[in-house]
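The values are calculated or read from the model by the stated rules, or taken from the named source; none is laboratory data. What you see is a predicted model; the values in this text were computed from it and never measured. Heads up, the Cβs are rebuilt from the backbone with ideal geometry, glycines too, and the neighbour counts pull from every protein chain shown. Keep in mind that these areas ignore ligands, DNA and RNA; they rest on the heavy atoms of the full protein, side chains included. Shrake-Rupley method; radii C 1.70, N 1.55, O 1.52, S 1.80 Å.
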Amino acid sequence: MSTVVLRAPFDPISEAELQAAAKVLKQPEVKTVILAVEEDGIADFAVRMQFVKQAVRPYRRMYAAAACDVSGIRLDDALIDSERIVREGAFRKAAPGIRKTLAEGMLYLETVVDAHCKPHRASHSRSVADLCRTLANAHGLDEDKAWKMGMLHDVTKAWSEEQGRALLEVYAPEAVPLAPPVYHSFTCPVFLKTVMGIEDREILDAIRQHTLGDCTGPLSKILYIADKIEPTRGYDVSKETELAMKDLDAAFALVYREAEEYRERRMDG
Ligand SMILES: [Fe+2]
Ligand SMILES: [Fe+2]
């Protein structure tokens, strides 16, 4: 009977990696499998270690350890690459025991945004997220949730019209007749739910409402405002920003009206 040590960054531990470890554990000569967490990763070592401990909980003879303490075999590249797919947003492909933690937490959101957005869109998203956090703080709302919705609000914006329409035909047929630039506000909540496992109603609603402005709550208004007035947009928004810090409803009404006027001017021209 032997102990097998499998090394990887486990950044984070994926379902494929856990399944591979479980297969090794089933071999009759194997008594114990140790998942050894390597030093370097995007998430802190302690976090990745905790994830592995959570992931192996259903298995009696499978343990977590620090790779510097044990020698063993490194998992093959394809398995380690499955961690990247999780980091890029496929939280449902993480080991089952950590999926909820990923979906409800703040980890890897930078990686998700960089994987799905071109650089200018990624910096817009970060800027929206920062402003959402500032406005949430000013109005006593959940700052982390505000930052998260800001980061993720445009992650399906780069999809083609066909890709967006195909998804909407299944998940939100009522959105198909809308203008294609609006599609991403409907495809994004579907992506967040089905791929990332995010169920938070306020985040999903805010993102769904960020283009049409049919906002139903304060976080939704914050996202609508921040999307229009974040600093990288490059025009003077001092009046709107000042108002948004004091009175969310008044700022929303102003920004909404300005967006309507802009649309009308473009249609006239
Ligand atoms: Fe958008
Ligand atoms: Fe945006």
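Projecting the Cα atoms of 106, 177, 243 onto the charge dipole of the chain (Cβ charges, centred on the Cα centre) puts 106 farthest toward the positive pole. Net charge in the neighbourhood of residue 30 (other residues with Cβ under 11 Å of its Cβ; Lys, Arg +1, Asp, Glu -1) is +3. For the chain, the longest principal axis of the alpha carbon atoms and the long axis of helix 119-138 meet at an angle near 80°.
For residue 37, the amide hydrogen comes within under 5 Å of the amide hydrogens of 65, 66, 67, counting only partners 5 or more places away or on other chains and with H modelled in the peptide plane. Using the 1.4 Å probe convention, the accessible area of the chain works out to 50 Å² per residue with neighbouring protein chains retained.
Solvent-accessible area assigned to carbon and sulfur over the chain amounts to 53 percent, based on a 1.4 Å probe. Computed over segment 2-88, relative contact order equals 42 percent, with contacts defined as Cα pairs under 8 Å that lie 6+ residues apart.
Against the compact-protein benchmark of 2.2 N^0.38 Å, the Cα-based radius of gyration of the chain scales to 1.20. Listed values for segment 226-236 are Karplus-derived 3J(HN,Hα) couplings in whole Hz (6.51 cos²θ - 1.76 cosθ + 1.60, θ = phi - 60°), namely 4, 4, 8, 10, 4, x, 6, 5, x, 10, 6, and x replaces Gly and Pro. In the chain, helices alone account for a calculated mean residue ellipticity at 222 nm of -17500 deg cm²/dmol, with every DSSP H run of four or more residues adding -39,500 (n - 2.57). Scalar couplings 3J(HN,Hα) for segment 79-95, obtained by applying the Karplus form with A = 6.51, B = -1.76, C = 1.60 to θ = phi - 60°, are 5, 5, 5, 5, 5, 4, 4, 5, 4, 7, x, 7, 4, 6, 9, 6, 4 Hz; x denotes Gly and Pro. 3J(HN,Hα) along segment 154-171, derived from phi through the Karplus expression 6.51 cos²θ - 1.76 cosθ + 1.60 where θ = phi - 60°, amounts to 10, 5, 10, 5, 7, 5, 6, 4, 5, 4, x, 4, 4, 6, 5, 4, 8, 9 Hz, with x in place of Gly and Pro. Listed cross-link partners 23/148; 118/246; 26/53; 100/246; 148/246; 193/221 are compared with a 26 Å cut-off, the Cα-Cα value being larger for 23/148; 118/246; 100/246. Loop-resident trypsin sites (Lys or Arg not before Pro) (DSSP state other than H, G, I, E or B) in segment 1-97 with no more than 16 further Cβ atoms inside 10 Å of their Cβ: 60, 61.
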